[in-house]
Structures are given as C-alpha cells and as structure tokens.
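First up is the structure itself, then whatever we jot down about it.
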Amino acid sequence: MKIKVNPWQLLLLLSLLLSFFPLVWMVSTALKQTDQIFSDFLNPIPLPVTLEHFIHAFNSSPLHRFFLNSFVVATSVTAFQVLTSIFAAYALTQFVFKGRQALFYVIVASMLIPVLVTMLPNYLLLSKWGLLNTYFAVILPQLASGMGIFFLRQSFRTIPKALLESAEVEGATDWQKMWLIVVPAVRPMIVAIGIILFINVWNEYFWPLMVINKQNMFTIPLALQLFINSEGGTSWGPMMAVATLASIPPIVAFLLVQKHIISSFLSTGVK
Amino acid sequence: MGGLSYEPMASVPARRELEKKSEKDWVDRMKAFQKVKPFLYLAPALIPIALFIYYPLVKSLQISFLSWNMVSPNRKFVGMDNYSYLLQNREFWNSVWNTGVYTVLLLLLLLVSPFFVAYAVTRISGRVQAFYKSAIFVPTVLSLAVSSIVFLWLFNPISGSVNHLIALVGIPPVNWLSDPTWALISMVIITSWKTFGYHFILLLSGILSVPQDIVEAAKIDGVSSSMGLIRRIYVPLSSGTLLFVFVMTVVFGIQWSFVPIQMLTNGGPDQATSHLVFTVYQYAFQFFKSGLASAAAVLTFLVFSGLIVFQALVMERRVHYEN
C-alpha cells in the first residue's frame, strides 16, 4: 500500500496549525484553572472550564470602560470614514473635472505616508487644541481613509452607466443618484469595507498610545499593556481572558462578512 | 447679483432686462456650482487628509531643523545639526542595521512563505480551498497588541508552551525575549503571525490572475514540476503583486513591528530590537528630542519613498512591456 503525501497539502496543514496554535492557547489558558496553567503545559483542553479569570479581569480593572472607549472610537471613526469615502468615491467616479486623477493619487499616496512622520506634529497640534486624552484626539486624525476611498472607488466603477443615465433622464440630482442608485447597488461592498475599517480601528495601538495616557480613556489594545505592567506577567489567566475578549468583536465582524472581505481583497486589482 | 430687489418701481422693459439678467446670473451660478460640486463632495475626505497627513509631513521637515524639547517656547534653528548628529551616532546606525535585519526576516515570512502557501491553495479542490482561505486569514483580524501578549505567554521561558513543545524534539529551551538575537526574531514572528493572512490573500490574487492557458502552454513545452512553473510562470507573471507586497512588507511591516517592541522589549535587550520607527518614538516621547525624532523620521521616510518610487517605476515599465 502506498500513501501519497502531497507536499502542498502538508504546507497548508502546517500554516493552518501555526495560524491557530496561538489562538487556541489564548482561549484555553483563559479558561483553565491557575494550577492547570502552571502544570499542564501541552494540553490545550481546560479541565475543568472556569470563568474565574474573566471575573478577575473585570474586577481588577475598569474593563467595561475600556470596551466602551473602544466601541465609541471604533464606531464613530468607521461611520465617518464610510461617509467621507462614499462622497469622495462618488466624486471620483461620477464627476468629470480637472485634477480628478491628481486628487486620486494624492489620496492613494496618503495611505503610504508612514505614521512616524506625522505623529509628532499631529500630537503637538492636538495638544495645542487641548484634546489629548479625549475621544476627539483619536477620532479627528482618522476622519477619512485612503483605503476606504480606494476600495469604494473600485466598486463604484462597476455600476452600469445605463442605470445612472436613465436616472439622469428622469431628472435625478447627484445627491439622489448617490443615495438612491449608487449606494444601494454596492451595499454589500460598503458593508464589507465598513467592517474592514471597523476592525482596523478596533485593533489600533500606535495612535491611541500617542494621545491617550489617562487610564480611564484607554482603548482595549492599550489596556492589554496595562495587564503586562501591573500584573508582572504572572497572571496569565486574566491576561489571556482580556486578550480573548478583545478578539471577539473583530472575529465576529469578520465571520459575518468573510466572503465579501476575502473577495474584496482578492479583487483589489493590484496586478 | 445683489440688490436687484431693492429697486421697486422699475419700468416694464427695464424689469424685463433685469429678469433676463437675473436668469443669466442664475445659470452662471449653477454653472459655477457644478464646477465646485466635485470638490464639495471631496472636501470631507480631503480636508482631514490634508490637515493630518500632508501638513504634518511638511511640519516634520520643519521641526527636524530645530533644537526643541516640545514644551519650551524656545525653538532654536540648528540647520542640519540634527541630521549630522544622527549620522555620527552609533545607536542610530544600530537601529538602521536592525531595520535591515527586520526587513530581510519580514520578507521571508511575509513575502516568500505566504507566496508558497498561496500557491499551495490553488493546488487543492474548491471546497477545501474556501475553508483554507478564510482560516488562514483569521489571525489578520486580531490586534497586534493581542498577538504580542499571546506570544509573551507562549514564549515564556519556563511555563510557555513553545519551549515545552520544542523540548519534545530535544531542542534546549530558548530565551525568546531576553536573548538579543532571538528577541528580534520573536518580534518578527509576532508581527508576521498577525499579517501573514493578509499578504497570503494578496499574493493569491496575483497567482489567480495568471491566465490558465499560459500555464497549459508551459506544461506542453515541458515545464511540468511545480517549482518550474512557479519560477518560470507564476513569479514573473504575478510580479506586480509581488512588488506591491514587497513594498507593503517593508513600509508597513517595519511600522507594525513597533507594537511588540513597545509592549514587550522596549527596544532591548541592549537596543537589540530597536529599529528606526521605534527610535523615532523614543527620541520624541521618551527623550523629548523632537528635532532629532523628526530628522530620523524624515530620513526613514526618504528611504520608504525611494522604495515606493522604485515600485511605481518598475510597475510602469512592466505595464508598457505587457502592452
């Protein structure tokens, strides 16, 4: 008997394993009892399952406040970015005007400018406006997203011209065309892009770190750092519990629209 | 335009004249409105981008010529002093060198390996393919902060499961975060674990865009092994995507690896994990030397821009070549 091993299959299994190994360990550590964490190093199955670390995490820090902060920041940034992207993408696809291509390049190039050249002046500006340690400090610099505009422009271009022309014949204004034709036509894409943007903001660490240093304004990723510092790295249970909680919203969001997300990345059109 | 309605008793022909004029005004105004309309639609996006991305870019350049601690009103213009200080500073060159090491390792984990995994996915049947695509993408939606602290636990020298796992095959324990060499490698692993799925999908889109008839033709010509096809067909024909992912890896990979560095090593042990992005952060927010920080940021930006321009030029040429 000969078993044929496909090396490509093997490579896939390996990457699957490496992708999930840290995740499985995170969740299992969060659910294990403390003595099992420190004795049963290679068994991922918690025996018995306990929620004590989750309870401890909520009791030892204002975790609900961190979640609220993350939620406020992530939803408002997402809402603004989707809105500004819809307007910009509509202008870039439906209007013909001088400088259209140039402005598109200006927007795309803005994605590639590294945060490290913008962070210090932005920090100084927000500090001058007295906005440090407020939601505005995190939200304001992110009102528009080059990525959102880029993806929406791609999808707006797929809308058949005839559809828009017939609306024009009936005397529809641009405002009406945008909200009644263009946006409904690509709604699944807008939702997918909105979710990608939401996940990005939810996970953000770099920028909030610069402008937030008051504990009660921390977003979830910043709060994770708190668990390293104050707990001295020994309370792995609560640490993994918070990490697990922090991961639930983006994973749920991703699972809701995974097909659209994967296909929108697959069709980015970089060739 | 204004004030027309304040002339109450105009004669009939004069009024007609006025009506005509106001109609023309109205048409003119509509025309003008149509002209600015695209910009009105673009403004909500362009204003924040200009104010928080392009303006600070210029501002950074300006600060890089100053000696200033960010707080005091004394800003002294020092010309190129910050730049020449950096170029003579050993720590700066250390972080330049480390940035190079990071880049090479990141390219290995975020360009080379995801390319092979993406190719592997195209070798299997449709149903399982969809599963793998989603599954490998999952870690991408997590925060780098989560990735960092999960690996802090996995890499713990005594109770972490990685050392226990490698002990099974007889490998002695590794001090993942406190050994200078391994610490840098750990930072790369943590960053790559989170980013792998995204690059995998991008590279897959490149591979899928290779026309199947070209692959068939190559097979008829005797290129039959997978490695042969990858080398002769898939790599050259998806070079645009490869180049894009290359730039993404260098520009964003270096920036993303900031998170585990800041959270877990603070650039140590002994500056072994510090790189340019972290150096800029340290100069600015730990030592309050905004001039030096901006000069380092500007230098890093120049290197990144060079890469991006290089990518754009190569892509341009490739497009012409294809046409």
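The numbers here are math on the coordinates, done by the rules we state, and not lab data. Every value quoted in this text rests on a predicted model; they were computed, and no experiment measured them. Here Cβ is always computed from backbone atoms with ideal geometry, including for glycine, and neighbour counts include all displayed protein chains.
Laid out as a table, the results:
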| quantity | calculated |
| --- | --- |
| Amide H within-cut-off set for residue B:70, under 5 Å, with H built and near neighbours excluded | B:290 |
| Pairwise label distance in nanometres, residue B:12 with residue A:167, each label 7 Å out on the Cα-Cβ vector | 4.7 nm |
| Helix-only mean residue ellipticity at 222 nm for chain B, each DSSP H run of n ≥ 4 adding -39500 (n - 2.57), per residue, nearest 500 | -20500 deg cm²/dmol |
| Cβ-derived FRET efficiency at R0 35 Å, residue A:157 paired with residue B:217, nearest 0.05 | 0.65 |
| Label point at residue A:83 placed 7 Å out along Cα→Cβ; residues across the range B:46-65 whose backbone nitrogen lies under 15 Å | B:46-48 |
| Sparsely packed trypsin sites (Lys or Arg not before Pro) within the range B:21-124, loop by DSSP, other Cβ within 10 Å at most 15 | B:123 |
| Helix B:12-49 axis, angle to chain B major axis (alpha carbon atoms, nearest 10°) | 10 degrees |
| Unit charges on C-beta of K, R, D, E only; dipole of the protein assembly as shown, Debye | 1080 debye |
| Karplus-derived 3J(HN,Hα), 6.51/-1.76/1.60, for each residue of the range B:298-305, Hz, glycine and proline x | 4, 4, 4, 4, 4, 5, 4, 4 |
| Cβ-Cβ FRET estimate between residue B:232 and residue B:20, R0 fixed at 51 Å, reported to 0.05 | 0.10 |
| Debye, to nearest 20: dipole size of the range A:1-125, +1 on Lys, Arg Cβ, -1 on Asp, Glu Cβ | 580 debye |
| Distance between modelled label sites at residue B:30 and residue B:124, nm, 7 Å Cα→Cβ extension | 6.2 nm |
| Zone residues, the range B:190-227, relative to residue A:24, backbone N less than 19 Å from point 7 Å out along Cα-to-Cβ | B:193-194, B:197 |
| Computed E for residue A:16/residue A:175 - FRET, C-beta separation, R0 51 angstrom, nearest 0.05 | 0.60 |
| Nearest-20 debye value, chain A charge dipole, Cβ charges on Lys, Arg, Asp, Glu | 740 debye |
| Lysine pair number, Cα distance threshold 29 Å (strictly under), chain B, separation 8 or more or different chains | 13 |
| Whole-Hz ³J(HN,Hα) from phi, Karplus 6.51 cos²θ - 1.76 cosθ + 1.60, for the range B:220-231, glycine and proline x | 5, 6, x, 8, 10, 6, 4, 4, x, 5, 4, 5 |
| Chain A - mean residue ellipticity at 222 nm from DSSP helices (-39,500 (n - 2.57) per run, n ≥ 4, rounded to 500) | -22000 deg cm²/dmol |
| The range A:134-145 - phi-based ³J(HN,Hα) in whole Hz, Karplus 6.51/-1.76/1.60, Gly and Pro as x | 10, 4, 4, 4, 7, 7, 3, x, 10, 5, 10, 10 |
